[in-house]
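Readers should treat all values here as calculations from the given coordinates under stated rules, not as data from a laboratory. Computed from a predicted structure; not experimentally measured. Cβ atoms come from the backbone with ideal geometry, glycine included; neighbour counts cover every protein chain shown.
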Amino acid sequence: MQSCESLLKNIEKLEDKISYKFKDKGNLILALTHSSYANEVKNEKVVSNERLEFLGDSVLSVVVSENIYKNYTQLSEGEMTKFRANVVCEASLKHCAHKLDIGKYLLLGKGEELTGGRKRTSILSDAMEALIGAIYIDGGFDCAKEFVLSQMKTFIVDSIKGEIFMDYKTQLQEIIQKNSEQKISYEIIEEKGPDHDKIFVSQAKLDGQVIGVGEGRTKKEADQMAAKSYLDKTR
């Protein structure tokens, strides 16, 4: 289990990777402190990154929302909401955390360490949000904005182009596999609009029975929305 002392020795390497030098190194250490570590060293009054994660989530949402609003004036409110959701999600945050090798620097409890916590999606995405929150606290909104866009601007562009989306198909597959051997399939049942602005309609089927219908600007996106329509009904 890594200690705060050993983390301090490596902290400059992480600062180089994120291109931000903390005025207060404690803000960065807090961002990297998982609740499992804080719970194991209670006598040292260590605090976890959960509150910073809450703050970072809000900062991230504002930065991405502002970028989409200012740069894609043709989008409706609904479209902006959808594209933002594609960016502000676990998958994107985990990708950024991997690129920065954040897992290497986390303060984890022994149990999380032994069970692969440094690679766990939820832990990495939460730590990424906490890091955004830490930069915001340490340097202000402009510094946090610069960091977010340096890491996630390509996700915004790809989302608008319809090249990334929430992976609802994988979520649905995992749910079904836990409970049965049933098979999920997808079928494009309709194409609407002119060739330059086509909308596809997809059906999600479970052993041949329709369980969800969705639309998208690409066939892949339509499949994802069909899976989402089922997930929304079960949540």
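Quick notes on this structure:
- Note on residue 232 and residue 218: their simple-model spin labels are 2.1 nm apart, each label 7 Å out from Cα toward Cβ.
- Across the cross-link table entries 13/70; 42/145; 169/192; 21/169; 17/119; 119/145, which are compared at the Cα atoms, the separations over 28 Å belong to 13/70; 42/145; 21/169.
- Here is the tail figure for the stretch 1-137: Cα pairs spaced more than 24 Å apart come to 31 percent of all pairs.
- Take the Cα radius of gyration of the stretch 64-117 and divide it by 2.2 N^0.38 Å, N being the number of residues; the result is 1.65.
- Computed about its Cα centre, the charge dipole of the chain is approximately 320 debye, with only Lys, Arg, Asp and Glu carrying charge at their Cβ.
- For the Cα trace of the stretch 104-235, dividing Rg by the Kirkwood Rh returns an Rg/Rh value of 1.09.
- For the pair residue 122 and residue 192, a Förster radius of 25 Å applied to the C-beta separation gives a FRET efficiency near 0.10, rounded to the nearest 0.05.
- Helix 168-179 axis versus longest C-alpha principal axis of the chain: approximately 90°, rounded to the nearest ten.
- Taking 19 Å as the straight-line reach from the Cα of residue 161, the aspartates and glutamates in range (excluding those fewer than 8 positions away in the same chain) are 66, 77, 79, 191, 195, 197, 215, 221, 223.
- Cβ-to-Cβ counts within 10 Å put 57, 101, 126 in ascending order as 101, 57, 126, the fewest first.
- Within the stretch 53-96, backbone nitrogen closer than 11 Å to the virtual label 7 Å beyond the Cα of residue 149 toward Cβ: 63-64, 66-68, 70-71
- Based on the reciprocal of the average 1/r between different C-alpha atoms, the Kirkwood radius for the chain equals 19.5 Å.
- Spatial offset of the stretch 55-134 relative to the stretch 163-235 amounts to 24 Å, using the alpha carbon center of each.
- Taking 34, 196, 98 in turn, the Gaussian network model of the chain (Cα-Cα springs below 10 Å) assigns the largest fluctuation to 196.
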